[in-house]
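Below: one structure, written as structure tokens.
The values are calculated or read from the model by the stated rules, or taken from the named source; none is laboratory data. What you see is a predicted model, and the numbers here were worked out from it, not measured in a lab. Counting neighbours? That spans all protein chains shown, and the Cβs are built from the backbone with ideal geometry, glycine included.
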Amino acid sequence: MPAIAIERWAKANDSSPDAPIVLTVEGTHGPIIHAVTRAAAARGARAGARLTDARALDPAFIALSADPDGDAALVQRFAHWAGRWSPLVEVDGDGLRLDVSGVAHLFGGEAGLIRDMVQCFVAAGITARVAIAPTAGAAWALSHFGGDELTPLPVHALRLDPDTVRTLERLGLKTIGALLDLPRLALARRFRGGEDVVDALDRMIGRKPEPLTAAPTDPPPRALLKLEEPATHPEAAVQALERLMPGLVHQLQERQLGARRLSLAGYRVDGSVAVASVATAIPSREPKHLQRLLADKAAELNPEFGFDAFALTADWAESLASAQDSLVEEPSGTREMARLVDRLTVKLGPRAVRRPREEESHLPERASGWVAAIGSSLQAYPSTQPAAREELSRPPRLLDRPEAIAVIYATPEGLPRRFVWRRAVHDITRAEGPERIAPEWWRQPSTSRLRDYYRVEDADGWRYWIYREGLAGDGRGGAPNWFIHGLFG
Amino acid sequence: MARGLSLVAGGAVSAQVRPAAYDRLPSGLGERWLLPAPPSPTLAELFATHPRDGGWAGFLLAQLATDKPLLWVQDRMAILESGRIHPPGLPCPELIHVEARDAKDALWAMEEGVRCTALSAVIGELWGDPKVLDFTATRRLAVAAERSGVACWLVRLGGHANLSGARMRWRIESAPSLRNPLDRRAPGVPAWEAELFRARGLPPGRWSVVHDSDRFHLVAGHRDRALGEGQRFIA
């Protein structure tokens, strides 16, 4: 994408192509031209020159500041989008490198692949030069300098540093062909330090491998669907999901995997991607279940200018042995539960669907921790012996935040007699306590006070769990405060 | 504690159902008594007479089976007004808690839960009289519960008894607890005033009950002082 900066700018600002506009970045000695429009190029401006030099040629240039970060983000977005052709895409400066080995036949051979890419980029309004070559270096050279052969290309195409290139040119070695004709030994001896010319040559002609970085060794199971025409109707994603699911499930089955996270990516014609993803509580490759999970989210994908390709990927898969529980379909408890958790979590969010987890703490509000149900396996709440629990007598309901109450008591240390909670008066007829719970000094500030919990019952028989925070004269604040914390059944 | 569920879910019903005031109460806890129950798991509605009275929870928990996990749905207002469930205080070991944004989400979650046969019961607490909770919604829950055999409890906090498809409708209020044999000043075994004000195929009634290890007992209503004083202090 040789003109991405100027094209992005032109799209954003809707400018006429005839204006002699140059985009500049700040250099050490004043602004340096970063990108130029075609009109500006015709008047002699070129990227890399100083703005003042260009102005000397033609004072009519309009200089605007460039946005390299925005350009890089756009390239990154295109890299994501290029996932439609190959799973292996790498950003390389202002270009993209795709590993298309074994991919081209899906698009009608290499020529078909190139045609498809060019068409897509034209549709997106971005000039792109595409080249396919057996090595990444050769592809870069061909796409940047054109032509069909490497030998007539200038030595610039080796991507050496400018000093080395200058040295080579001074020696009269102007093309790659000329370099290839020299004995390797002499070349290696002459350019020993720094940039290795022989290395660059070897990479280009494939004597040395140049792998794309971050090659995932085990690509996730993935199913692709390419549409003849961009689909703009909102059900497109759901229909695509229906078509893709059997293929993905087949792949999962062959590799004995179950999906933990699934995502449906819709590739739009304008070069953006919309993704809907869901997670499951246990690995699953049940088409009906997975489809039901993803369908709602898929329906929400906005086609904007239309989707022309879809990919369904199991981003996170865990091994799942093939199993048949019984001949008749008999739902197993764990699986049913996991499915329920999946459905609830997809709709309500992981923070709303939770499962208790016992914490090592005596403070009631800490003792019952909650974890998202989707991330944890279903297990019994580690129950203490029922008898022991009855002795502890915890209430079945706890207020999220203890609420302050006004309490009348016989003596400061004695049983409470009456309290006011939410403006209603409760006369305490029976009370049991105190159960003293000390603050956790290892995590709470030293000023935190102990709590004396009382089980109380009022005249109507309503039972509450209230506590007094602190003692009179414990040196951690004034008179103790009373709070209500729980409701007994 | 929870073996009482079989009484609700299963079987023998209603021959012994009589208002408490007419019973001769023997010493001890009172008359052993089976809770009126529909023949199979279904939707029951439980009204708390006051949202700040947690008595219904004890009445409900006493009837739950604990062999399978439980789904407990609360809407946000219910959590704010009468607290979040506290697992150390519950008898059920396995539990999934759903904090629903509103009644609509809560009802949806309950319906999903009722269709899941791996659950023992679904409990949903709704605050007030939400618009979405109409006859259709409750009827859907009732039908789904009967089809899957998962008991469903719809708990209404601060709501009114409007039109509903629930098969049993209870109104539960805490009553003063029984005498604590160890400490006269401490609360004892919790007691409830349970009013069954509408049920399919069962006569309505009002009872004072406590829950013992396996079944409910009738006790003197706390307003029947003449009967009550004697009985309450025998125990």
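Some notes on this structure:
- When restricted to residues that are of a type in the set (Asp, Glu) and within 29 Å of A:Cys120 (Cβ to Cβ), segment A:283-324 contains 4.
- Residue check for B:Pro130: surrounded by 15 or more Cβ atoms within 10 Å (Cβ to Cβ) and within 14 Å of chain A (Cβ to nearest Cβ): no
- The lone exception for B:Ala106 - which of (1) touching a residue at least 60 places away in the same chain (Cβ under 8 Å); (2) more than 8 Å from chain A (Cβ to nearest Cβ); (3) in contact with a Gly (Cβ under 7 Å, 6 or more places away or on another chain) it fails: (1)
- Odd one out for A:Ala5, checked against (1) at pLDDT 80 or above; (2) touching a Pro at 6+ places or on another chain (Cβ under 8 Å): (1)
- Matching residues, segment A:332-351, being buried (at least 23 other Cβ atoms within 10 Å of the Cβ), touching a strand residue (DSSP E or B) at 6+ places or on another chain (Cβ under 7 Å) and either facing another protein chain (nearest Cβ under 7 Å) or within 12 Å of B:Asp105 (Cβ to Cβ) (or both): A:Val341, A:Leu344
- Residue match in segment B:171-183 (condition: in contact with a strand residue (DSSP E or B) (Cβ under 8 Å, 6 or more places away or on another chain), more than 14 Å from chain A (Cβ to nearest Cβ) and either surrounded by 16 or more Cβ atoms within 10 Å (Cβ to Cβ) or on the phi < 0 side of the Ramachandran plot (or both)): yes
- Residue in segment A:257-269 that is surrounded by fewer than 16 Cβ atoms within 10 Å (Cβ to Cβ) and either among the aliphatic types (A, V, I, L, M) or not in a strand (DSSP E or B) (or both) present: no
- Residues in segment A:359-394 that are at pLDDT 80 or above, in contact with a Pro (Cβ under 7 Å, 6 or more places away or on another chain) and within 8 Å of another protein chain (Cβ to nearest Cβ) were compared, and the one that is nearest to B:Val189 (Cα to Cα) is A:Arg394.
- The selection criterion, being touching an Asp or Glu at 6+ places or on another chain (Cβ under 7 Å), surrounded by 12 or more Cβ atoms within 10 Å (Cβ to Cβ) and at the interface with another protein chain (Cβ under 10 Å from one of its Cβ atoms), does not hold for A:Arg397.
- Per the conditions (1) over 26 Å from A:Ile114 (Cβ atoms); (2) assigned to a loop (DSSP other than H, G, I, E, B), the sole criterion not satisfied by A:Ala188 is (2).
- Of note, B:Ala103 satisfies the criterion of being of a type outside the set (Ser, Thr, Tyr), modelled with pLDDT of 90 or more and surrounded by 17 or more Cβ atoms within 10 Å (Cβ to Cβ).
- Exactly one residue out of B:Ala44, B:Ala65 is under 24 Å from A:Gly461 (Cβ atoms), within 17 Å of the chain's Cα centre (by Cα), more than 10 Å from chain A (Cβ to nearest Cβ) and small (Gly, Ala, Ser), and it is B:Ala44.
- For segment A:343-365, residues that are among the β-branched types (Val, Ile, Thr) and under 18 Å from B:Glu94 (Cα atoms) total 2.
- Residue match in segment A:309-324 (condition: within 14 Å of chain B (Cβ to nearest Cβ) and either touching a strand residue (DSSP E or B) at 6+ places or on another chain (Cβ under 7 Å) or modelled with pLDDT under 90 (or both)): no
- Scope segment B:112-121; condition more than 19 Å from the chain's Cα centre (by Cα) and more than 7 Å from chain A (Cβ to nearest Cβ); matching residues: B:Arg115
- Within segment B:14-90, strands (runs of 3 or more DSSP E) holding 2 or more residues that are at pLDDT below 85: B:31-33
- Filter pass, B:Gly124 being in contact with a strand residue (DSSP E or B) (Cβ under 8 Å, 6 or more places away or on another chain), modelled with pLDDT under 90 and either within 23 Å of A:Asp342 (Cα to Cα) or facing another protein chain (nearest Cβ under 7 Å) (or both): no
- Scanning segment B:68-89 for residues that are of a type in the set (A, V, I, L, M, F, W, C), in contact with a helix residue (DSSP H, G or I) (Cβ under 9 Å, 6 or more places away or on another chain) and facing chain A (nearest Cβ under 7 Å) yields one hit, B:Ile85.
- Residues in segment A:220-259 that are free of Cβ contacts under 8 Å to residues at least 60 places away in the same chain and among the acidic types (Asp, Glu): A:Glu228, A:Glu242, A:Glu254.
- Among residues of segment A:433-459, those that are within 11 Å of chain B (Cβ to nearest Cβ) and modelled with pLDDT of 90 or more, counted: 6
- Taken together, the residues in segment A:460-489 that are more than 14 Å from chain B (Cβ to nearest Cβ) and of a type in the set (D, E, K, R) amount to 4.
- Scope segment B:184-217; condition away from chain A (no Cβ under 14 Å), assigned to a strand (DSSP E or B) and in contact with a Pro (Cβ under 9 Å, 6 or more places away or on another chain); matching residues: B:Glu195, B:Leu196, B:Phe197, B:Arg198, B:Ala199, B:Gly205, B:Arg206, B:Trp207
- Any hit, segment A:273-288, residues being in a strand (DSSP E or B), touching a helix residue (DSSP H, G or I) at 6+ places or on another chain (Cβ under 7 Å) and at pLDDT 90 or above: yes
- Residue match in segment A:466-473 (condition: of a type in the set (Lys, Arg) and in contact (Cβ under 8 Å) with a residue 40 or more places away in the chain): yes
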